[in-house]
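First comes the structure, then the notes that go with it.
What follows is calculated from the coordinates using simple rules that are stated; it is not laboratory data. Being a predicted model, the structure only gives us computed values, none of them experimental. A quick note on method: Cβ atoms are made from the backbone with ideal geometry, for glycine too, and the neighbour counts reach across all protein chains shown.
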Amino acid sequence: MSEPAATDRGTIESSAATGPAGPAAAAASPAGSPGAAAAHQVRRHDPVPLAAAVGITIIGGLVLAAMNGSYLGLTVTTGVGYAVVTTGMVLQLGYSRQLAFSQSVFMGVGAYGTGVLETKYGFNSAESLLAVIALATVVSLLIGAVVTRAPGLALALATLLLPLFIYQLATYSSWLGSFSGIDGVLPFWSGPSYESTLVRSGIISVLLLGLAAGLVLRVMRSGVGLQLMAMSEDERLGESIGVSLRQRRLEVFVLGSVLAAVGGAVLASAQGLVTPDVLSESAEITLLLMVFVPGRKSVAGAIIGAIVIEYLTTSTSFISTNLGIIEGIILLLILLVEPDGVAGAVARLLGRRTDRWAASLRSWSAARFRERGGRGARGGGNGARDAT
Amino acid sequence: MSEFLNLLAAGLTSGGIYGIFGACLAVWFRVCNVLNLAVGDFAMLGAIGTARLVQTDHLPFLAGIVVDLAAVGLIAWLFDRLVLHFAFDRGAGAHGIVGVFFYTFGLSLILEGAARAVFGTDVYGAPAIWSGPALAIADFHVQRAGVLVIALAIVSGLVLWAYLRFTVSGRAASACGESVLGSRIVGIDSALFRRRIFIVTAVLAALFGIVESPITGFTYLSGPTVSLIGVVAAGFAAFRRPGRAVVAGLVIGVAEAMLGGYVSTTYNDVLLYAALFGIIILRPEVLGLGAEPA
Amino acid sequence: METVPETPPEATGAAGIAGAGLTVPATAADPVVLACYGVTKSYGGVLAVDSVSLEVPRRGLFGLCGFNGAGKSTLFNLLAGSVRADSGSVRIDGRDATEWSAMRRARSGVARTWQTVRLAHGRTALDNVAAACLRDPGQWILGSLWRPQAAPARERAWAALESLGIGHLGARPVDGMTLEAQRLTELARALVGEPKVLLADEPASGLSATQRTVLAEALTTISADRAVVVVEHDLDMLTSISEHMWAMVEGRLAYSGDVETFRSSPVYAGLRGIEQG
């Protein structure tokens with residue numbers, strides 16, 4: 001057998017798009033690829049991340065304004081702090097399946113960093129936030145470079161140990177305030193009264209949450225997100241399609257850790273103080289429950305879950321005393337029945353209905369675009385089925 | 001010298017606990033590839049339950065132990081039937097590395113919460129099985145309970161090792177962990193082994209709690225930290241070898257005591273955990289795991 | 001049977017190939033795109049691949065066969081980089097790729113499919129294929145904020161799925177697909193990045209006769225633009241589409257030559273004997 005026959009070549013020639021013409025297409029049409037590709041149009045601009053960021057900020061801002069600095073508002077703001085952390089955990093644990101239990105430690109880095117910089121070095125809240133982000137980036141890069149080389153089980157075990165000794169270090173350190181922690185952390189944005197300060201700081205917190213959610217959604221829905229999907233399923237597979245495992249593991253670890261630190265800063269500002277509890281194993285356990293119960297792949301779930309669980313923890317005494325048992329039972333139920341959590345169950349139940357809603361929403365917005373003469377008005381799906 | 005020996009004795013005693021938890025974890029992981037993160041809580045139930053039965057409800061000591069161990073066995077059996085059965089025999093639910101940790105983690109939360117509700121937040125210590133003052137050999141002082149702990153740890157480790165190595169039943173149990181499908185094909189009931197070993201290791205942990213608690217009191221929260229070190233000890237035994245896990249646990253215990261005696265009493269745990277963290281990360285081969293593909 | 005040297009040839013041009021006594025006939029005016037020289041791999045005491053040398057020319061369809069356990073999949077793993085050889089060397093486009101990771105080899109144009117289909121569950125065929133064709137796979141994670149790459153990747157993925165005739169399944173989750181559709185999806189994923197060489201590990205396994213014919217046509221068409229090495233047990237199918245055959249027995253390369261001669265070789269007889277039971 002020698003060179004391919006000329007006739008074969010004829011059908012092989014294809015447009016710039018790619019690819020060999022296949023068996024079915026070869027017989028069917030010489031136009032092969034171009035016509036076929038036109039039938040599946042891909043939306044160039046993905047509005048979801050930005051819409052989520054804006055939506056969260058606006059809705060959250062309105063809700064906090066309505067609560068007007070009440071205790072409920074404070075609880076919600078604390079919940080927002082946890083939500084920033086859990087948003088990062090959705091990317092790290094849920095989507096990329098990197099089982100690291102170091103988020104409470106980085107939450108502590110953010111909280112303590114904020115506390116130390118503001119009370120001992122006179123930073124204002126904007127400066128301390130930026131500094132904490134930088135600090136968390138550097139620390140997580142250093143730790144991550146070593147830690148992400150270890151295979152999954154080793155990473156999980158080692159990071160389980162991390163809160164143990166970091167917590168002890170913090171409680172023994174007088175510079176960090178030992179058991180009482182650090183007092184006098186500044187709110188993000190001061191106002192004329194206690195209530196307005198809470199509301200304003202809450203709005204900043206919600207803004208940060210919106211940014212975090214937008215960031216995570218953008219990553220999950222991008223090409224990098226597709227790579228993460230592939231490598232989290234099967235690392236050999238990821239390698240074979242050109243994904244750099246080492247790079248992605250490190251990036252996911254750093255991103256999750258930095259978001260945890262931002263969450264810690266929000267917590268510290270909201271409460272005005274930092275205590276070692278933020279670094280403890282039980283904090284990590286709470287975070288895990290906030291992620292797994294609502295659905296570890298769902299950003300919306302992680303946000304709602306964090307706020308709801310935080311509310312339950314501080315509310316009626318029956319629930320908060322027995323929170324451990326309740327959480328344990330719910331966790332087991334989730335694991336057995338719906339590993340994708342409440343969000344997964346909701347998605348399954350609503351299923352078709354949400355697809356239809358989404359489709360009609362898309363065609364409505366496409367029609368609006370066309371009306372305004374906008375470019376890029378394309379119908380059709382892009383095949384993506386990420387949960388938001 | 002005597003200080004060294006006393007530290008050694010204290011270290012071996014706490015190390016005995018780590019070791020036996022490690023052995024329980026290693027044996028069960030070997031059979032079904034799940035980590036029992038609730039092993040410390042079973043010990044806690046053993047200690048506190050017996051203390052309550054004997055001291056508050058005034059049961060005779062032996063009866064109290066028996067009732068308590070039976071209750072622990074029952075709890076373990078229930079957990080297997082209600083949760084693990086559905087997870088692993090019916091194929092429902094989350095698997096992979098999440099399954100390795102989170103099922104027993106949920107159990108741990110429930111046990112702690114229940115213990116808090118029933119027993120409150122007090123510190124409990126079961127009465128000593130072998131009571132009397134500390135034994136003195138020359139300048140070497142060791143608690144009698146400590147001797148029991150170490151002896152039991154070594155004996156249990158040996159028995160588990162021998163079971164896995166030399167008995168047909170033990171080898172069948174190992175086969176379950178290595179290949180679920182394969183073992184089923186040759187007629188090994190992996191669900192049965194999983195349940196039995198779970199119950200046995202739970203009861204064993206409870207027994208150790210009873211023996212240990214005269215030395216260190218137990219609260220409802222005592223479980224997790226010890227479980228974690230047990231996991232580490234099992235890790236150093238590649239999650240498969242109970243004998244090696246006992247040795248690893250003893251070494252960790254002694255290291256902890258030595259660090260406390262010679263380096264720093266406040267920071268000894270910090271140093272220990274940091275060292276363990278370092279070893280796991282930098283030398284994951286110790287856990288029987290290879291380095292990841294780059 | 002002519003042999004490929006244990007050590008790589010000095011020159012990689014056509015003259016060098018001729019001088020090195022390349023086994024592949026006339027179409028190999030093309031230079032070699034992928035080659036291994038003296039690669040060996042053992043697991044424990046078992047020698048899975050024993051000093052195998054072969055050269056894959058730039059274009060064409062080549063078959064690799066052998067009994068189960070002969071080392072074919074291990075050889076693929078060695079070529080693709082998911083396993084490191086104990087000794088010997090691997091070359092891609094003339095460059096020494098022995099120390100390269102699987103990821104680097106993938107980015108250098110070595111694509112593969114697997115014996116058991118490896119697809120991301122719960123995701124659509126489109127997403128599975130799109131993951132493999134980012135223009136910039138090494139983009140750092142925050143780069144995805146302003147340049148997400150998802151849309152162009154999905155466009156390329158649609159085209160790849162269409163070209164294999166499964167465009168209508170693109171939006172469907174892979175879990176519910178038939179085995180044939182899954183294998184074609186995997187094939188689309190392997191091809192979408194426009195690889196230089198495709199290593200297909202038992203792509204027809206589990207497919208019916210009709211499906212195999214379709215697959216055979218696809219592979220033939222694909223091989224016009226690149227090198228395709230196929231591992232298969234179905235000797236009829238393999239010999240009908242291959243230009244050149246390799247056969248492995250117990251880790252060693254027992255045959256390397258054209259298809260006609262292969263059909264009359266003792267190795268072929270042995271394999272057929274097993275096939276016919």
* For a label point 7 angstrom out from the Cα of A:ARG348 toward its Cβ, which stretches of the range A:291-334 have the backbone nitrogen within less than 11 Å? -> A:334
* **Ranked by how many other beta carbons lie within 10 Å on average, peptides C:64-76, C:258-270, A:95-107 from highest** => A:95-107, C:64-76, C:258-270
* What net charge do the residues around B:GLY230 carry, taking every other residue with its C-beta under 13 Å from that of B:GLY230, with Lys and Arg at +1 and Asp and Glu at -1? -> -2
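If each residue's Cβ is checked for other Cβ atoms within 10 Å, how do C:SER108, C:SER240, B:SER156 rank with the fewest at the top?
C:SER240, C:SER108, B:SER156
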* To do: Summarise the partner chain shielding of B:98-109 as one whole number: the mean count of Cβ atoms from other chains within 10 Å of each residue's Cβ.
  => 6
* To do: Starting from the Cα gyration tensor of the range B:200-251, take the square roots of the eigenvalues, sort them a ≥ b ≥ c, and report rounded, prolate or oblate (rounded when a/c is under 1.5, otherwise prolate if a/b is larger than b/c, else oblate).
  => prolate
* Antiparallel DSSP beta bridges within the protein assembly as shown, percent to nearest 5 -> 60 percent
* Asked: Counting only residues 5 or more places away or on other chains, whose amide H sits under 5 Å from the amide H of C:SER51 once H atoms are built in the peptide plane?
  -> C:THR40, C:LYS41
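Could you give the size of the charge dipole of the range B:130-278 about its Cα centre, using +1 on the Cβ of each K and R and -1 on the Cβ of each D and E, expressed in debye and rounded to the nearest 20?
So the magnitude is around 660 debye.
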* To do: Mind checking which of B:PHE208, B:SER222, B:GLN55 is farthest towards the positive end of the range B:2-287's charge dipole, using Cβ charges of +1 (Lys, Arg) and -1 (Asp, Glu) about the Cα centre?
  => B:PHE208
* Asked: For the range B:183-244 and the range A:116-191, what is the separation of their Cα centres, given in Å?
  -> 34 Å
* **Alpha-carbon centroid distance for the pair the range B:30-65 / the range C:75-133, whole angstrom** => 52 Å
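Out of the DSSP beta bridges found with both residues in chain C, what percent are antiparallel (nearest 5)?
Here the share of antiparallel DSSP bridges comes out near 50 percent.
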* Structure fact -> chymotrypsin sites (Phe, Trp or Tyr not before Pro) in the range C:127-180 lying in a DSSP loop, each with at most 15 other Cβ atoms within 10 Å of its Cβ, come to C:TRP140
* lysines whose Cα lies under 30 Å from that of C:LYS196, excluding same-chain neighbours fewer than 8 positions away -> C:LYS41, C:LYS72
* Of C:PHE76, C:ALA35, C:VAL174, whose Cα points farthest to the positive end of the dipole of the protein assembly as shown (charges on the beta-carbon: +1 Lys, Arg; -1 Asp, Glu; origin at the Cα centre)? -> C:VAL174
* Structure fact -> Honestly the protein assembly as shown on the Cα gyration tensor test (a ≥ b ≥ c root eigenvalues; a/c under 1.5 rounded, otherwise a/b vs b/c for prolate or oblate) is just oblate
* Which Cα, out of B:TYR103, B:ALA175, B:ALA245, lies furthest along the positive dipole direction of the range B:2-287 (beta carbon charges, K/R +1, D/E -1)? -> B:ALA175
* In peptide A:333-345, how many Cβ atoms from other protein chains are near each Cβ within 10 Å, on average? -> 4
* To do: Kindly provide the chymotrypsin sites (Phe, Trp or Tyr not before Pro) of the range B:109-171 that DSSP labels as loop, not H, G, I, E or B, and whose Cβ sees at most 14 other Cβ atoms within 10 Å.
  => B:TRP130
* Can you give the calculated 222 nm mean residue ellipticity of chain B, where each DSSP H run of n ≥ 4 adds -39,500 (n - 2.57) and the sum is split over every residue, rounded to the nearest 500 deg cm²/dmol? -> -22500 deg cm²/dmol
* Structure fact -> Shape call for the range B:30-113, from the Cα gyration tensor axes a ≥ b ≥ c (a/c under 1.5 means rounded, otherwise prolate when a/b beats b/c, else oblate), comes out prolate
* Neighbour cut-off at most 14 other Cβ (10 Å), DSSP loop, chymotrypsin sites (Phe, Trp or Tyr not before Pro), the range A:163-215 -> A:TRP175, A:PHE179
* Whole-Hz Karplus ³J(HN,Hα) for the range C:90-98, in order, using 6.51 cos²θ - 1.76 cosθ + 1.60 and θ = phi - 60°, x for Gly and Pro? -> 10, 10, 10, 6, x, 9, 6, 10, 4
* Sequence-distant residues sharing a close amide H with C:PHE62 (under 5 Å, placed H) -> C:VAL228, C:VAL229, C:VAL230, C:GLU243
